[in-house]
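Here, each number is a calculation from the coordinates, and none is a lab measurement. Just so we're clear, the structure is a prediction, and the values are computed from it rather than from any experiment. All Cβ positions, even for glycine, are placed from backbone atoms using ideal geometry, and neighbour counts span all protein chains on display.
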Amino acid sequence: METDVIINLPKFKTHSLNVFTGGIKNMYGIIPAGLRRRFHSDYLNLDDFAQMLVDIYAAAKPALNIIDGIMAMEGECPGSGVIRNLGLVLASRDGVALDAVAGGIIGLKPEDVFTTRAAGARGLGMCDLQKIDVEGELFASQVVSDFKLPAAGYRTAMKHTPRGIVKYVLEQTSPRPRVKRKNCTACAKCVKICPAGAATMMGKTSAINDKNLHPLHVLS
Ligand code: SF4
């Protein structure tokens, strides 16, 4: 909040939940890791999650957004995406317009991407491709028709499955950290730095309280 200017440098990649992640979603990185994990759990509805991302983008107000699409990533990102050489760099002061154009290059309409749609509806930038001037390379010449988009199945499941069930499944299937007791020197540093407050001292070693862990603590 004290910086003079924010320059936003996202990578060009798809996203299993948001469909595409560019300038808007990249601002999620400015909040502490513990909060990011918690918000993943608090906003299981994808529209709500996108609105939260747009809130952060609107608060950060990056002055310049530059998407690095030289080496992009396609498919089911971030978990199992595949690197794709696009050789593109896109920049704009308007992160919404930038995301709209970047999505358009891989065949997405602005309304297909949760964050672009939400930010455009809130008037935070231009998301009408017909009204965006693209300088440099001709937009049409950059369209990549075979870019692999994330499958809709996961998003559909998230949409139609009750929140409690999604949370339960995430809790049951997420990996969990464990303290190797024989290696623990009881320095208590983990207790001080654990963003979720899940580490605690139990006698001569540290222990992890599962109840304080975020269900996506390893994935986010
Ligand atoms: S107290 Fe925590 S940080 Fe210190 S050695 Fe044990 S597990 Fe590691």
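May I ask which of K61/K159; K25/K192; K180/K211; K13/K189; K25/K131; K159/K189 have a Cα-Cα span longer than 31 Å here? Check vs 31 Å cut-off fails for K13/K189; K159/K189. Remark: spin-label model distance D4-I83 equals 3.5 nm, labels positioned 7 Å along the Cα→Cβ axis. Using a simple spin-label model with pseudo-atoms 7 Å out from Cα toward Cβ, I31 and L129 lie 3.0 nm apart. For the chain, adding -39500 (n - 2.57) for each run of n ≥ 4 DSSP H residues and dividing by the number of residues yields -9500 deg cm²/dmol at 222 nm. Each of the trypsin sites (Lys or Arg not before Pro) that DSSP puts in a loop and that has at most 10 other Cβ atoms within 10 Å breaks the chain; the longest unbroken stretch is 1-177. The alpha carbons of the stretch 1-102 stretch over 34, 33, 21 Å along the principal axes, in descending order. Under the combined filter of DSSP loop state and at most 15 neighbouring Cβ atoms within 10 Å, the stretch 74-139 retains these GluC sites (Glu not before Pro): E135, E137. The distance between label points at C187 and A63 comes to 3.9 nm (points 7 Å beyond Cα on the Cα→Cβ vector).
Directionally averaged projected area (the chain, Cα convex hull): 14.3 nm².
In the chain, the DSSP beta bridges split such that about 80 percent are antiparallel, to the nearest 5.
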